[in-house]
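**Student:** My structure is below; once you've seen it, I'll send some questions.
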Amino acid sequence: MSENVAIIGTGHSKFGTRKDVNVAELCWESIKPAFESAGVEPKDIDYFVVGTAGMWSSEAAVPALIAEYAGLEPKGSMRAEAACATGSAAIRVGYTTIKSELADLVLVLGVEKMQESPSSTVIELIGRFGSYFWEFENFGLTFPGYYAMYGTAYMIKYGATEEDFAKVAVKNHYYGAKNPYAQFQREITVETVLKSPYIAWPFKLYDCSPITDGSACVILASEEKVKELGVEEKVWILGQGTGTGTANLSKRKDFTSLPSVVHAAEIAYKIAGIDKDDPVKYLDGADVHDCFTAAEIIAYEDLNFCRRGEGMKLVREEQTYIGGRIPVNIDGGLKAKGHPIGATGVSQAIEAYKQLLQKAEPGRQADIVKGRWLAHNVGGTGHYAYVTVYGLEKR
Amino acid sequence: MEQKKSIEEFGFPLVVDEKSGALQWLDVRELNIRYTISIENIKPFYEGLRQGKLLTTRCKKCNELYFPPQKDCYKCFSSDMEWIELKREGTLETLTVIFVRPPSFSMYDPYTVAVAKLDDGPKILAWLKGDPRKIRPGQRVRVEIGRRKEGYMMYELVPLG
Ligand SMILES: [Zn+2]
């Protein structure tokens, strides 16, 4: 377990409604630039992983699909799934494969083509990411509904308002407008959010991340491979922590924190050499899982960017914009960039790579001083948690 | 319908996406999924509901209480469980109102899903009856057995006082 792992190439498709391509073509949109930026070819890859939750799209065997379409046959592969943290789970497989010295070069692809099914079908399927039998079958919880119960509890406990939640969406749209890969490249106001129809009270349409088609791809390399290839532009995986939560929400201790995230963050901070009592001191920014606006506020607290109950203050004081205490989701987040389930975690890794190497588009480049970026990717409602720290300098 | 028309017109099940103008193949195959789920080991739970009772399992060896009921105790590895009745009162912890429903719940008006902590300890997630706007933090609730539109019995939360 001594091998360091780096991201040496990245590729990102345009996120959004992608009726213009099929699943394989959408994959290639991110695979091709990943190969080009890494300076490697399909034949160089030792192993590949595809993160895709599937169900809503026609092709289930995506690893085989891209083995054929991207010339990766007969290399080994697997499909990884961890609900909305699927992309990070795929990175996990690539990272651990290299760390255990079973491969030197791994391609990690995250893809989802959710709009191959009507949105009603997606709502039906995505509501099943918790306890199917006890909480969906008889009570019809939807994905916004799960998180809305956290939003409600947070409002009751700390006095947050729907307006506080709305401000998260406003920030993420502000940066989404500057990201050419984002699904929604337009700014919105607090009023836009507050006037939008309720989806699951207290969440309205603009509190929710959209249904998205998209793919994202990274190429991971061992330290030895980095040296051999003479790669100059790279970002290291400094540490990753993982966590799992109970299937039933009724088994949760409270509804203002996700213990799986707290657990994952503690591990990630420890491995990355970050003081868990003051992680902000070590980070230039973060991408957190804002599937719903309140989830971003809870993420600040679970990651210890601030004390309990103070997440909404960070939002009110605009401390998570560039120039604030810690910039968060300055790629638009899931909210404005879009949330193609399997691609999201990989897209977060790409954002870490772009930010740290100062390749972000004008108006959304953070100051890189500390050389570290955090990605927080949650599956279901804290059913899965992945916290990953990326850095310019290896440990 | 759309599919049949396009097959007659083009010879293939094609449709042009309205927004992008991109040509789509309308899948000819349809899949309906309906699971068959074993409740063999929690039968008394349903017998209890029929009698208006909320039953659950407790480990005879270590006394751990499980709700929803389960067959096995992970604390002491025993599967020797007893069925006990839970007092059907508790305090509301959180709620949401589901406006955009899954298609399989389309026959219902927007419904309130809530979590209550029962006085006996476990939490329960269920639909909450009544006007959610009248609910206040710390609201006391009672678990009652209602009938669903589909005709079957299911537990629900009813505000007290
Ligand atoms: Zn026991």
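The values are calculated or read from the model by the stated rules, or taken from the named source; none is laboratory data. Only a predicted model underlies this, so the values are computations on that prediction, with no experimental measurement involved. Heads up, the Cβs are rebuilt from the backbone with ideal geometry, glycines too, and the neighbour counts pull from every protein chain shown. The area values use the complete protein model at the heavy-atom level, side chains included, leaving out ligands, DNA and RNA. Shrake-Rupley method; radii C 1.70, N 1.55, O 1.52, S 1.80 Å.
**Student:** What about A:ILE156, is it of a type in the set (A, V, I, L, M, F, W, C), surrounded by fewer than 21 Cβ atoms within 10 Å (Cβ to Cβ) and facing another protein chain (nearest Cβ under 9 Å)?
**Tutor:** On the way: of a type in the set (A, V, I, L, M, F, W, C): yes; surrounded by fewer than 21 Cβ atoms within 10 Å (Cβ to Cβ): yes; facing another protein chain (nearest Cβ under 9 Å): yes.
It is true that A:ILE156 is of a type in the set (A, V, I, L, M, F, W, C), surrounded by fewer than 21 Cβ atoms within 10 Å (Cβ to Cβ) and facing another protein chain (nearest Cβ under 9 Å).
**Student:** What is the residue count in the range B:9-37 for residues that are under 30 Å from B:THR56 (Cβ atoms) and either in contact (Cβ under 8 Å) with a residue 12 or more places away in the chain or facing chain A (nearest Cβ under 10 Å) (or both)?
**Tutor:** Number satisfying all stated conditions: 3.
**Student:** Please go through the range A:1-59 and give me each residue that is part of a strand (DSSP E or B) and out of contact with any helix residue (DSSP H, G or I) (no Cβ under 6 Å at 6 or more places or on another chain), ordered by number. Let's see the steps before the verdict.
**Tutor:** Filtering the range A:1-59 for residues part of a strand (DSSP E or B) gives A:5-12, A:16, A:47-51.
Result: A:GLY16, A:PHE48.
**Student:** Restricting the search to the range A:342-395, which residues are β-branched (Val, Ile, Thr) and either open to solvent by 10 Å² or more (accessible area, probe 1.4 Å) or without any contact (Cβ under 8 Å) to a residue 60 or more places away in the chain (or both)?
**Tutor:** Here is the first cut: in the range A:342-395, the residues β-branched (Val, Ile, Thr) are A:344, A:346, A:350, A:368-369, A:378, A:381, A:387-389.
Hits for the range A:342-395 are A:ILE368, A:VAL369.
**Student:** Give the residue that is nearest to the other protein chains (Cβ to nearest Cβ), with candidates limited to residues of the range A:253-262 that are part of a loop (DSSP other than H, G, I, E, B) and under 23 Å from the mean Cα position of the chain (by Cα). If you could, list the steps in order and put the result at the bottom.
**Tutor:** Step one: of the range A:253-262, the residues part of a loop (DSSP other than H, G, I, E, B) are A:253-258.
Remaining after also requiring under 23 Å from the mean Cα position of the chain (by Cα): A:255-258.
On the way: A:PHE255: 5, A:THR256: 9, A:SER257: 13, A:LEU258: 14 Å.
Filtering the range A:253-262 for residues that are part of a loop (DSSP other than H, G, I, E, B) and under 23 Å from the mean Cα position of the chain (by Cα), the one nearest to the other protein chains (Cβ to nearest Cβ) comes out as A:PHE255.
**Student:** Looking only at the range A:310-340, which residues are basic (Lys, Arg) and free of Cβ contacts under 8 Å to residues at least 40 places away in the same chain? First the steps, then the outcome.
**Tutor:** Here is the first cut: in the range A:310-340, the ones basic (Lys, Arg) are A:313, A:316, A:325, A:335, A:337.
The one that is basic (Lys, Arg) and free of Cβ contacts under 8 Å to residues at least 40 places away in the same chain: A:LYS313.
**Student:** Can you tell me which residues in the range A:152-180 are of a type in the set (Val, Ile, Thr) and in contact with a strand residue (DSSP E or B) (Cβ under 6 Å, 6 or more places away or on another chain)? Write out each step before concluding.
**Tutor:** Pass one, the range A:152-180, residues of a type in the set (Val, Ile, Thr): A:152, A:156, A:161, A:168, A:170.
Correct list: A:THR152 only.
**Student:** A follow-up question, please. Please work out if B:GLN24 is closer than 29 Å to A:MET55 by Cβ, within 15 Å of the ligand (Cβ to nearest atom) and surrounded by 15 or more Cβ atoms within 10 Å (Cβ to Cβ).
**Tutor:** On the way: closer than 29 Å to A:MET55 by Cβ: yes; within 15 Å of the ligand (Cβ to nearest atom): no; surrounded by 15 or more Cβ atoms within 10 Å (Cβ to Cβ): yes.
No.
**Student:** Can you pull out every residue in the range A:36-55 that is crowded, with 21+ Cβ neighbours inside 10 Å and among the hydrophobic types (A, V, I, L, M, F, W, C)?
**Tutor:** So the first thing to find is which residues in the range A:36-55 are crowded, with 21+ Cβ neighbours inside 10 Å, and the list is A:38, A:45, A:47-54.
Listed by number, the residues that qualify are A:ALA38, A:ILE45, A:PHE48, A:VAL49, A:VAL50, A:ALA53.
**Student:** Go through (1) at the interface with chain B (Cβ under 9 Å from one of its Cβ atoms); (2) touching a residue at least 12 places away in the same chain (Cβ under 8 Å) one by one and return the number of the condition A:PHE133 breaks.
**Tutor:** For A:PHE133, the exception is condition (2).
**Student:** In the range B:39-151, which strands (runs of 3 or more DSSP E) lie fully inside it and hold 3 or more residues that are more than 16 Å from the ligand (Cβ to nearest atom)?
**Tutor:** B:89-98, B:111-118, B:123-127, B:140-147
**Student:** While we're here: Please state which one of A:GLY151, A:GLY145, A:GLY140 is assigned to a helix (DSSP H, G or I) and without any contact (Cβ under 8 Å) to a residue 60 or more places away in the chain. Give the derivation first.
**Tutor:** Details: A:GLY151 fails: without any contact (Cβ under 8 Å) to a residue 60 or more places away in the chain; A:GLY140 fails: assigned to a helix (DSSP H, G or I).
One residue alone meets the criteria, A:GLY145.
**Student:** Sort out which residues of the range A:161-173 are of a type outside the set (Ser, Thr, Tyr) and open to solvent by 10 Å² or more (accessible area, probe 1.4 Å), and write them in order of number. Reasoning before the result, please.
**Tutor:** Taking the range A:161-173 first, the residues of a type outside the set (Ser, Thr, Tyr) are A:162-173.
Once the filter is applied, which keeps residues that are of a type outside the set (Ser, Thr, Tyr) and open to solvent by 10 Å² or more (accessible area, probe 1.4 Å), the range A:161-173 yields A:GLU162, A:GLU163, A:LYS167, A:VAL170.
**Student:** Could you grab me the full set of residues in the range A:200-246 that are within 23 Å of the chain's Cα centre (by Cα), assigned to a loop (DSSP other than H, G, I, E, B) and either β-branched (Val, Ile, Thr) or modelled with pLDDT under 95 (or both)?
**Tutor:** Correct list: A:ILE211, A:THR212, A:THR246.
**Student:** Given (1) over 22 Å from A:ALA272 (Cβ atoms); (2) away from every other protein chain (no Cβ under 14 Å); (3) acidic (Asp, Glu), where does A:GLU101 come up short, assuming only one miss?
**Tutor:** (1)
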